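Peer 1: Got a structure here, written out as structure tokens. Questions coming.
The values are calculated or read from the model by the stated rules, or taken from the named source; none is laboratory data. Source: prediction; values computed, not measured. Every residue, glycine among them, receives a Cβ derived from its backbone with ideal geometry; neighbour counts consider all protein chains shown.
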Amino acid sequence: MLIGPTIEATGRMVGYARVSTKTQKLDLQMDALRRAGCETVFDDPGVSGAKAKRPGLDMALAHLRAGDVLVIYKLDRLGRSVEHLAALLREFHERGIHLCSLSEGINTQTIGGKLVFHVFSAVAEFQRDLIRENTLAGLEAAAQRGKRPGRPNRLSAQQVREARRAIRHEGVSYAAAGGRFGVSPATVWRAVAG
């Protein structure tokens with residue numbers, strides 16, 4: 001039997017449950033949320049946590065008011081990633097909403113729960129900075145090797161010169177120039193204008 005943290009709410013206790021596939025059942029989570037004292041429970045049956053839009057979560061977020069506690073069975077039922085969890089925790093903090101995760105014993109009304117909020121925020125910021133740093137390092141390494149980021153050019157330098165000459169001096173349309181090289185008129189326009 002799951003024994004979660006003690007929950008004291010000045011507002012309502014609102015539950016949220018999610019399972020990833022249609023074959024999984026919400027029963028375990030629903031029972032735990034009801035035992036915790038949730039009168040209203042929103043759910044997303046068969047919705048992957050990776051999806052940005054989850055109707056049940058969206059309804060729960062719209063339903064919550066300052067002083068309410070959102071109760072979940074486990075943290076992974078709520079957030080798609082550490083960054084997503086941190087963003088939700090920041091939103092809850094700004095709106096005066098608390099979060100309680102029964103399995104992990106996290107309750108943002110307590111000192112320990114507030115620490116968890118700050119740790120998630122710090123980890124998410126670290127993750128963003130690490131991704132940004134790695135991206136910049138990769139771009140710099142590519143530049144040192146003479147590589148340009150992005151898609152390769154559809155037209156060679158010689159083809160661009162030919163298209164430019166044909167358009168400017170022979171009155172050929174962008175569509176006709178594109179037809180010569182098997183590319184769209186927009187590709188020719190970008191190459192000639194660039």
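Peer 1: Which of the residues spanning segment 139-163 are over 36 Å from the mean Cα position of the chain (by Cα) and among the polar types (S, T, N, Q)?
Peer 2: Listed by number, the residues that qualify are S156, Q158, Q159.
Peer 1: Applying the selection to segment 136-160, what residues are part of a helix (DSSP H, G or I), more than 16 Å from A186 (Cα to Cα) and not acidic (D, E)?
Peer 2: If the condition is that a residue be part of a helix (DSSP H, G or I), more than 16 Å from A186 (Cα to Cα) and not acidic (D, E), then L136, A137, G138, L139, A141, A142, A143, Q144, A157, Q158 are the ones that fit.
Peer 1: Let me ask another. Residue under question is G113, and the condition is that it be under 20 Å from P55 (Cβ atoms), at pLDDT below 85 and either touching a helix residue (DSSP H, G or I) at 6+ places or on another chain (Cβ under 8 Å) or assigned by TED's automatic domain parsing to the domain that holds D44 (or both); does it hold?
Peer 2: It is false that G113 is under 20 Å from P55 (Cβ atoms), at pLDDT below 85 and either touching a helix residue (DSSP H, G or I) at 6+ places or on another chain (Cβ under 8 Å) or assigned by TED's automatic domain parsing to the domain that holds D44 (or both).
Peer 1: Of all the strands (runs of 3 or more DSSP E) wholly in segment 5-85, which have at least 2 residues that are among the aliphatic types (A, V, I, L, M) and either in contact with a Ser or Thr (Cβ under 7 Å, 6 or more places away or on another chain) or surrounded by fewer than 18 Cβ atoms within 10 Å (Cβ to Cβ) (or both)?
Peer 2: Result: empty, no element qualifies.
Peer 1: On to the next question. Hey, among the residues in segment 164-191 that are over 40 Å from the mean Cα position of the chain (by Cα) and either exposed (fewer than 14 other Cβ atoms within 10 Å of the Cβ) or charged (D, E, K, R) (or both), which one's nearest to A142 (Cα to Cα)?
Peer 2: Selected residue: R164.
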